[in-house]
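Participant: Got a structure for you, written out below as structure tokens; questions coming shortly.
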Amino acid sequence: MTTVMCPSCESDVELTAAPRQNEIIECADCRSELEVLSVDPVLLALAPEAEEDWGE
Amino acid sequence: MTTVMCPSCESDVELTAAPRQNEIIECADCRSELEVLSVDPVLLALAPEAEEDWGE
Amino acid sequence: MSAPAPAGGAETVVVKCGGSGALDVQRLCEHVAELTAAGRRLVLVHGGSAEMARLAGQLGLTLRQLTAPDGVVTRYTDAATLDVLTMALAGRVKPALLTALDRHGVAAVGLTGLDAGLLRARRKKAVRAVVDGRPTVVRDDRSGRIVEVNAALLHGLLAAGVVPVVSPPALAEDGEPVNTNADRAAAAVAVALRASRLLFLTGAPGVLTDPADPASVLDTHRLPPAGEPAPPWVGGGMTIKLVAAREALVGGVEQVWIADGGAARPLAAACGDGPGTRIV
Amino acid sequence: MSAPAPAGGAETVVVKCGGSGALDVQRLCEHVAELTAAGRRLVLVHGGSAEMARLAGQLGLTLRQLTAPDGVVTRYTDAATLDVLTMALAGRVKPALLTALDRHGVAAVGLTGLDAGLLRARRKKAVRAVVDGRPTVVRDDRSGRIVEVNAALLHGLLAAGVVPVVSPPALAEDGEPVNTNADRAAAAVAVALRASRLLFLTGAPGVLTDPADPASVLDTHRLPPAGEPAPPWVGGGMTIKLVAAREALVGGVEQVWIADGGAARPLAAACGDGPGTRIV
Ligand SMILES: [Zn+2]
Ligand SMILES: [Zn+2]
């Protein structure tokens, strides 16, 4: 099991499965939503705010 | 060998091969250009005048 | 093109048509011819989902959808999808409409948002969606929301007696084309033109409380206060039309109608009291 | 749109670009931006053979040619080919041009002959061609020759500071779209606008007496009297450009130039004395 640091609260975030590019995971400590920016190595960043989402 | 009447001079036009739809043949007598309007039965008519012919 | 807008834009009607079939193009063109001959200013806005799906099939391209975490499904517009969308709308649907209008003696000019900055959009740079069951940030979606309309271009054409025929794509702030919802594009155009009416032509006689029963059509549908949920019988394509209707009403369009695109006189609600559902 | 034409149309230049590659779109857009900012009225007319071939390939459609009895080769435009042509021109080439022009700050509006009767054509109902070695009457070819241009539409856009970006198809007298040659469309537009110049951008620096040697470019090429044959070194795409050039000159366009679409300033001949070949 991989562990990486939460970029928001610096606690450890456990990745329970093979993470995917751009997947959103939640920090169990601070509840921040984190985006997987890369998978090898795993890099996390705060996920962007949800934008309103209507398409054609 | 099929023979059909020339619509222009009424002489016999001999079709030397299996005629094709819209093919142009010439009447040996009057030199009219004739279009094959149908093949079964063979119907001939005066071929339309050549139009200028430039495309994209 | 520099002609001023008529006072209050009172005579302009924006009609959203097509996209999901059910439109009787001949009847629409007849009615457009009649109304424009009577001096009414009309703008048509069209989509083209059905033609897009057909072209994607011919090209062997699979159209994909994004499911937002709240369950809303939207089109996933990557570069190949945007190409298909642009060809289907600008290369098939619009030419067919223009040809049909010409046959009815209507002078119509086809436009997309790319023409002289007609529809400028803010691109959605990051969209949240559920991909294979996992929440994901999608960054290559080429879609956006309209932030500006070149009303002067439309006023100029209208003043010359021309019917503008408008569709996506729009132009994003980075100079790239993006997809944009055609219903909301119609609302944005109606607001920008200060149109008196916006009319959505659909495959139903209006807003139905029972989707299976055309007789359940409402004369009037009152939108819930912003932020509150829509009634449970609002679903499918109606959801987005009501979002667009709200934007038009908030933007000052006097009347918004949802009516039957297959009716004998599909634009009746452009000048009278229906038939159709008036959104208030 | 009802703006009168400027006296003599003296400031209008029609530029035919694209179709067979070799065009530097960025440089073209830069130069268009510079000239329009200086008040010059420009109309762009484009083809798109290369994009058409690419799209036909993607759709698995084989483009066919007709060989006239005199050896002239022309495109065979059946219904499927016309669909591909319309999608390639209106759905790919034109949106790309409009997007590039917008990035350079140029307000441009894309048009085909279907817009408000911009290009009306007489359909060739029967074309003679050699099919499998046998002279044949081809009756399903959807192509035609321009007989009318809606100059008022173009004048209105030009007066509003907009660059019209025009291409086939045209509208035939039976109300159906037809293919029409883009070079000759450019000539018809230039004549209808009483343009002062018509400029054909090509993949060569002008008319070459040796197709393999760019240095063989002519400063001036004098057209032979009507009906007499062209010099032997006129071939390929140049043949039809010279036919179009003659139509423009006969129609009153003051100067016709053939110039290099890849040049740093491709529109130099729009205002100066070349570079390029002046057709007289
Ligand atoms: Zn944290
Ligand atoms: Zn005979």
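The values are calculated or read from the model by the stated rules, or taken from the named source; none is laboratory data. Predicted model only: the values in this text are computed from it and were never measured. Using ideal geometry, Cβ is built from the backbone for each residue, glycine included, and neighbour counts are taken over all protein chains shown. Note: areas computed on protein heavy atoms with side chains; ligands, DNA, RNA excluded. Shrake-Rupley method; radii C 1.70, N 1.55, O 1.52, S 1.80 Å.
Participant: Test residue D:116 against the stated conditions and say whether it is at positive phi and of a type in the set (A, V, I, L, M).
Facilitator: Criteria met by residue D:116.
Participant: Applying the selection to the stretch B:17-31, what residues are assigned to a loop (DSSP other than H, G, I, E, B) and crowded, with 17+ Cβ neighbours inside 10 Å?
Facilitator: Residues satisfying the conditions are B:19, B:22, B:27.
Participant: Provide a single number: the residues in the stretch B:6-16 that are in contact (Cβ under 8 Å) with a residue 12 or more places away in the chain, more than 8 Å from ligand 2 (Cβ to nearest atom) and outside any loop (DSSP other than H, G, I, E, B).
Facilitator: Qualifying residue count for the region: 2.
Participant: I'd like the full set of residues that are closer than 17 Å to residue C:255 by Cα, in contact with a strand residue (DSSP E or B) (Cβ under 6 Å, 6 or more places away or on another chain) and crowded, with 17+ Cβ neighbours inside 10 Å, limited to the stretch C:214-243.
Facilitator: Residues satisfying the conditions are C:218, C:221, C:241.
Participant: Here is a further query. Got at least one residue in the stretch C:244-264 being open to solvent by 20 Å² or more (accessible area, probe 1.4 Å) and among the aromatic types (Phe, Trp, Tyr)?
Facilitator: For the stretch C:244-264, residues open to solvent by 20 Å² or more (accessible area, probe 1.4 Å) and among the aromatic types (Phe, Trp, Tyr): absent.
Participant: Is there a residue being within 15 Å of ligand 1 (Cβ to nearest atom) and at positive phi anywhere in the stretch A:24-32?
Facilitator: Looking for residues that are within 15 Å of ligand 1 (Cβ to nearest atom) and at positive phi, one finds at least one in the stretch A:24-32, hence yes.
Participant: Being within 30 Å of residue C:128 (Cα to Cα), out of contact with any Gly (no Cβ under 8 Å at 6 or more places or on another chain) and of a type outside the set (D, E, K, R) is the filter here, so list the residues in the stretch C:140-160 that pass it.
Facilitator: Hits for the stretch C:140-160 are C:144, C:147, C:149.
Participant: Then there's this: Residues of the stretch A:1-23 being within 11 Å of ligand 1 (Cβ to nearest atom), among the polar types (S, T, N, Q) and farther than 27 Å from residue C:125 by Cβ, which ones?
Facilitator: Hit for the stretch A:1-23 is A:11, nothing else.
Participant: Please indicate, with yes or no, whether at least one residue in the stretch C:102-110 is away from chain D (no Cβ under 14 Å) and buried (at least 24 other Cβ atoms within 10 Å of the Cβ).
Facilitator: No, that holds for no residue.
Participant: Could you say whether any residue in the stretch A:37-46 is within 11 Å of ligand 1 (Cβ to nearest atom), without any contact (Cβ under 8 Å) to a residue 60 or more places away in the chain, more than 20 Å from residue C:128 (Cα to Cα) and surrounded by 14 or more Cβ atoms within 10 Å (Cβ to Cβ)?
Facilitator: So far as the stretch A:37-46 goes, no, none of its residues is within 11 Å of ligand 1 (Cβ to nearest atom), without any contact (Cβ under 8 Å) to a residue 60 or more places away in the chain, more than 20 Å from residue C:128 (Cα to Cα) and surrounded by 14 or more Cβ atoms within 10 Å (Cβ to Cβ).
Participant: Restricting to the stretch D:41-91, count the residues that are assigned to a helix (DSSP H, G or I), open to solvent by 60 Å² or more (accessible area, probe 1.4 Å) and free of Cβ contacts under 8 Å to residues at least 24 places away in the same chain.
Facilitator: Adding up the residues that qualify gives 1.
Participant: Within the stretch C:206-213, is even one residue at pLDDT below 95, in a loop (DSSP other than H, G, I, E, B), within 18 Å of residue C:47 (Cβ to Cβ) and open to solvent by 20 Å² or more (accessible area, probe 1.4 Å)?
Facilitator: Scanning the stretch C:206-213, I find no residue that is at pLDDT below 95, in a loop (DSSP other than H, G, I, E, B), within 18 Å of residue C:47 (Cβ to Cβ) and open to solvent by 20 Å² or more (accessible area, probe 1.4 Å), so the answer is no.
Participant: Taking the residues in the stretch B:17-44 that are under 12 Å from the mean Cα position of the chain (by Cα) and away from ligand 2 (no atom under 15 Å from the Cβ) as candidates, determine which candidate is nearest to residue D:139 (Cα to Cα).
Facilitator: B:22
Participant: Please report, ordered by residue number, the strands (runs of 3 or more DSSP E) entirely within the stretch C:130-195 with at least 3 residues that are within 14 Å of chain D (Cβ to nearest Cβ) and in contact with a helix residue (DSSP H, G or I) (Cβ under 7 Å, 6 or more places away or on another chain).
Facilitator: Per the criteria, C:163-167.
Participant: Residue C:209: in contact (Cβ under 8 Å) with a residue 24 or more places away in the chain, away from chain D (no Cβ under 14 Å) and over 23 Å from residue D:104 (Cα atoms), yes or no?
Facilitator: yes
Participant: Considering only residues that are of a type in the set (Ser, Thr, Tyr) and buried (at least 24 other Cβ atoms within 10 Å of the Cβ), look in the stretch C:163-201 and name the one that is farthest from residue C:262 (Cα to Cα).
Facilitator: Checked the stretch C:163-201; the qualifying residue farthest from residue C:262 (Cα to Cα) is C:180.
Participant: Being over 18 Å from the mean Cα position of the chain (by Cα) and of a type in the set (Val, Ile, Thr) is true for just one of C:243, C:256, C:217. Which residue is that?
Facilitator: C:217
Participant: A further question follows. Mind counting the residues in the stretch D:73-97 that are more than 14 Å from chain C (Cβ to nearest Cβ) and touching a helix residue (DSSP H, G or I) at 6+ places or on another chain (Cβ under 8 Å)?
Facilitator: 2
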